[in-house]
Structures are given as C-alpha cells and as structure tokens.
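> Let me give you the structure first, and then I'll get to my questions.
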Ligand code: DI6
Ligand code: FE
C-alpha cells in the first residue's frame, strides 16, 4: 500500500529483524504506519512517489528496532525478599529460610494479603522500568496466589496493566508453581484443584492466555505437569513450562509433546529434550537473571540448541525470589556474557523469538509490512550496542500500535 498514511518516520536506521539472518539493517530507512500497523518499510530513497502522511516524525538519526518483548515474568507480586537476600549473604541457607516460612511462601502470603489495587500499585513501577527500555509486549504469570481468589486477583491485575499502560500483556496461569500449605503432603489433590476448579473458572473469565507449570523436584512431577497440560488442552489453551532449571525431569520433551510454545530455563536440558524441542518448534527461553542471582554454574546448552536450530528467546524472569530484575537490556547483556549468545542472538531473543514464545509471531517481533507498529528508537551507533551496555538506557522513544507512547531523553 502506498499513499495516504497516518504517520511516517524518517531519519532513522532500521534493524528490522525480518531477514533469515542478521539484523535486517536498512540505513536511512523509513517506516509508514496506517491504522496501527506497518504499511510500508524500506529505504527512504525507495519511498513511493506521491506518498502522503498525516504525521511526520523525525527519528533524529536513531536506530529503530521492533518493540522489545519480555516473554517470561512473574512481575505481579507483593512484598520484597530483600531480607532473604541479606540473610543468605549473612550465612543462612535457602532451605533454612524456607523452613522459617520464607521463600516463595512469603511472597504468597504478601500477595494474598494485598488488595487488588495495592497489588497493581506494587507492580506498576516494575512495569514502568521495562517500558522505559522499549518493551511493548509483556507476559505475566500468576503463581503467587495458589488459591482461586488470589490467582484471579493476580491475573486481573495483569489484565489491568494491559488496559491502562501502553503495553500489550499476555497472561499465563501458573497455578502449579508451588504446593500451598493448605495441601501440604497432597500434591495430587492440589493438581486436581488446579485442573478442575482454578483453570476452568479463570479461563471462563477470559483471564488466561496460556498455561505453565514448575516441573521440578521442588515443584511438580512430569506426571502432574502432564495432567495440567491435559486440562489446558481441554480449554484450547497453549502450554509452556519451567523446565530443567535445577534438574532434568524430562520437562522439555513433555512440553514439546504438547506442542508447547516454550520451555524455559533449561540449564539441565538433555540432548533428547533438545531434539524434541527442535521437532516441535518449541522456543528455548533463556533466563540469565535467575542463573546469575542463584549463582548457578551449570550453563544451558546454548551451542547444542543453536546447532539443532531451536530458536532462543531471552527474558528477565522478573520475580522476587530468583530474579528481581526489571531490565531486559541487562538480561540481553547477561545472555551474552554468561551464556555466550551473540548480540544479534540476544536482540532476536527479545524480539522475533520472544514473539514466537508467546504465539505472536504473526503480529509482532519484527518490522514487516502488516505487523503491528510496535517499535523503539535508540540512541546507539549500531544494533549490537543494545546488548553491550551495563546500566544506562539509550531508549529515546517507544511506539506501540503506531502511537508514540513514551519519549525518553
Ligand atoms: N522458578 C524460579 O526460579 C522461580 N519460580 C520458578 O518457577 C522462583 C520463584 C520464587 O522464589 O519466588
Ligand atoms: Fe520463572
């Protein structure tokens, strides 16, 4: 389409992330927007003759990338665990803290006690940090409620974030995150509640876009996870999984068998799991913030994933226990320094493949005609610079659905 557009951006360099390889660089490019979507994109010199746009935007020589996508967060929670962080640095063990009622249950208590408005207020500053760094799409998991009312409250807050903030939100029901004290010693009965009561009610209320579980010795078994996936299937919902974070439970193969969108963490991923993911097109979501904060030493098998052609996404895993991180740019840097991703892979991991991990590849993740006009402008010299800095924020402007939503310095 050419001709009458809503808006036209020029004086920008483009990293479209659209080609099969590379950044899809177009120096001195132009992007036209119509009805919130990309109507034309290319070199400025190739703009069709006689084009007209209602609004003209000067990109001031910035680099323009797809809006960033944080595809794995637990960003809606109340309270903080800085006391635990401090106790651990003063010699307390993780299990000792958990026995004292700390750990994940301390966040569950704080989240249960917070009103919906208080929970929203607690979460917004974290969301704002992400938005200021060019994030235009955000996944938010429940899992700090572990009862129907609190899981509902978390997911309602997630929806409200999507309605009131300039960001698209995808919600994930993570009822199978931990065993609540009410069900101590009876995980099977809790999984019954997750599958037969919580998920049906929350799905009926339109609060669930996908279903996740924590498949781990300290979480739920592969059999219990499979029951959750069966329930998701009954509701027509896609699945993803916290898999092979602390041990190999065969979670990656399991989620691949259900055609899962993603398997996340993956430090203990086996060759079999990699094959299953490659076959199924399941995205590997790498979470270097949790690796760093837990001072893990076992690396996810990045080279093997690369060789198998498994797409790799990168995310913050923002949560109070293992990754209190609200910078996706820092996650990109850590993915490079700790996991040896290239800066190109890191950028693809927060755009193209993060979109795929959310089932949104048709609509987001790259700058292409027909996709939603979600993008960020950066004061950088080359796109690889986004993964390079530690602290500092070169984001100058964020556009979501074609509308300028945030203008930085
Ligand atoms: N894996 C993690 O590392 C976090 N959740 C999960 O499934 C831990 C969450 C917490 O400690 O609060
Ligand atoms: Fe997580």
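The values are calculated or read from the model by the stated rules, or taken from the named source; none is laboratory data. A quick note: this is a predicted structure, and the numbers were derived from the prediction, not measured. We place every Cβ from the backbone using ideal geometry, glycine too, and count neighbours over all the protein chains shown.
> Scan the range 130-154 residue by residue and report those that are away from ligand 2 (no atom under 16 Å from the Cβ), closer than 20 Å to residue 167 by Cα and in contact with a helix residue (DSSP H, G or I) (Cβ under 9 Å, 6 or more places away or on another chain).
The answer is 133, 134, 135, 137, 153.
> So residue 44 passes all but one of these: (1) surrounded by 20 or more Cβ atoms within 10 Å (Cβ to Cβ); (2) more than 25 Å from residue 131 (Cβ to Cβ). Which condition number does it fail?
(1)
> Among (1) in contact with a strand residue (DSSP E or B) (Cβ under 9 Å, 6 or more places away or on another chain); (2) more than 29 Å from residue 85 (Cβ to Cβ), there is one condition residue 287 misses while meeting the rest; what is its number?
Exception for residue 287: condition (2).
> Next question. Given the condition within 16 Å of ligand 2 (Cβ to nearest atom), part of a helix (DSSP H, G or I) and either surrounded by fewer than 21 Cβ atoms within 10 Å (Cβ to Cβ) or at pLDDT 95 or above (or both), answer yes or no: does some residue in the range 227-235 qualify?
Yes, the range 227-235 contains a residue that is within 16 Å of ligand 2 (Cβ to nearest atom), part of a helix (DSSP H, G or I) and either surrounded by fewer than 21 Cβ atoms within 10 Å (Cβ to Cβ) or at pLDDT 95 or above (or both).
> Considering only the range 294-304, state which residues are part of a loop (DSSP other than H, G, I, E, B) and either away from ligand 2 (no atom under 16 Å from the Cβ) or crowded, with 20+ Cβ neighbours inside 10 Å (or both).
Once the filter is applied, which keeps residues that are part of a loop (DSSP other than H, G, I, E, B) and either away from ligand 2 (no atom under 16 Å from the Cβ) or crowded, with 20+ Cβ neighbours inside 10 Å (or both), the range 294-304 yields 295, 297, 298, 299, 300, 301.
> Is there a residue being more than 29 Å from residue 403 (Cβ to Cβ), more than 16 Å from ligand 1 (Cβ to nearest atom) and modelled with pLDDT under 95 anywhere in the range 90-98?
yes
> Further question on the same structure: Please find, among 55, 49, the residue that is over 30 Å from residue 151 (Cβ atoms) and free of Cβ contacts under 8 Å to residues at least 24 places away in the same chain.
49
> Taking the range 305-348 on its own, how many of its residues are more than 16 Å from ligand 2 (Cβ to nearest atom) and in a helix (DSSP H, G or I)?
The total comes to 16.
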